[in-house]
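Single-structure report; data block below.
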Amino acid sequence: TVSRWLAEETQREFALKRPIQTIYNFFNEERFQVERLPREKIAAPDEKIVMHISNFRPVKRVTDVVRMFKKVAERVSARLIMVGDGPERTLAVGVARQLGVADKIRFLGNFQSVESILPHADLVIQPSEHESFGLVPLEAMVAGVPVIATASGGVCEVVEHGETGYLCEVGDIESMAQYAIALLSVDALAQDMGRKGKERAARLFARDPIVKQYEALYTSLLNSNDWHI
């Protein structure tokens, strides 16, 4: 499994008698060696950029993103960039209009090269019900961007609360907004968290060491008599 949380959930759900090995997802540094889209293409110079990236399924709680951003926009000049598409997009647009912040939100839809815009973000928000791992928070950390996410699922093993970002309870929009306002208002805080996130990503989730873990697992299986095709 890609997280200890998923291993525990799998063990509980299926009552497995064999141990489960956890090997984390990794990032490919080469993907981040791309030319960045000019920042002015997505936000004005005086606007902080809050970004959300997902497939807009209910589990991603995209309306929480919009509701949180409403509170942020009352205190900080900011723009919300919503990247991705899915069944909850229409609902998110409706909530944005209802709250009067539709003019401060850009829905980019599915985007071919997220790495070309992610480094422009001042903050990435992922308020999911749960995540098996949390690949978007990891990629945000690789880009040096602090993360606000929910303390649920495997993302707790990716984001270090108070160091590389903040973890909140599911649905706690108020806390998310307060953390976001702090990060967007104090550049030194955001930069420090971004730096620590980048260091944590390189230390724990780099490609080559994790690929070696997969190779070791496959080798052990091939050398074992205790498996069947």
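The values are calculated or read from the model by the stated rules, or taken from the named source; none is laboratory data. Values in this document were obtained by computation on a predicted structure and should not be read as measured data. Using ideal geometry, Cβ is built from the backbone for each residue, glycine included, and neighbour counts are taken over all protein chains shown. Note: accessible area is taken over every heavy atom of the protein model, side chains too, but ligands, DNA and RNA are not part of it. Shrake-Rupley method; radii C 1.70, N 1.55, O 1.52, S 1.80 Å.
Overall shape: oblate for the stretch 22-139, with the ratio a/c of the largest to smallest alpha carbon gyration tensor axis at 1.5 or above and b/c at least equal to a/b. Packing here is the average count of other Cβ atoms within 10 Å per residue, and on that basis the peptides 105-117, 155-167, highest first, run 155-167, 105-117.
The GluC sites (Glu not before Pro) of the stretch 16-61 that DSSP puts in a loop, and whose beta carbon has at most 11 other beta carbons within 10 Å, are E35.
Since only P146, Q178, I20 are under comparison, the one whose Cα sits farthest along the positive direction of the charge dipole of the chain, derived from C-beta charges on Lys, Arg, Asp and Glu, is Q178.
One chain, two ends: A188 and R203. Fully extended at 0.36 nm per residue, the span grows by 3.1 nm beyond their Cα-Cα distance. Note on the chain: Rg/Rh from Cα positions, Kirkwood definition for Rh, rounded to two decimals, is 1.01. Once you've got the Cα coordinates, tell me which of K41/K104; K71/K198; K41/K71; K60/K198; K17/K60; K60/K104 are over 26 Å apart. Going by Cα-Cα distance, K71/K198; K17/K60 fall outside the 26 Å limit.
Accessible surface for the chain, divided over its residues, is 52 Å² per residue with a 1.4 Å probe.
The slack between R195 and A15, meaning 0.36 nm per residue of separation minus the straight C-alpha distance, is 60.7 nm. Name the shape class, rounded, prolate or oblate, that the alpha-carbon gyration tensor gives for the stretch 120-209, where a ≥ b ≥ c are the square roots of its eigenvalues, rounded holds for a/c under 1.5, and otherwise prolate holds if a/b is larger than b/c and oblate otherwise. Note, shape of the stretch 120-209 comes out oblate. Between V93 and R4, full extension at 0.36 nm per residue minus the direct alpha carbon distance yields a gain of 28.5 nm. Assuming charge only on the beta carbon of Lys and Arg (+1) and of Asp and Glu (-1), the dipole of the stretch 107-229 about its Cα centre is about 380 debye to the nearest 20.
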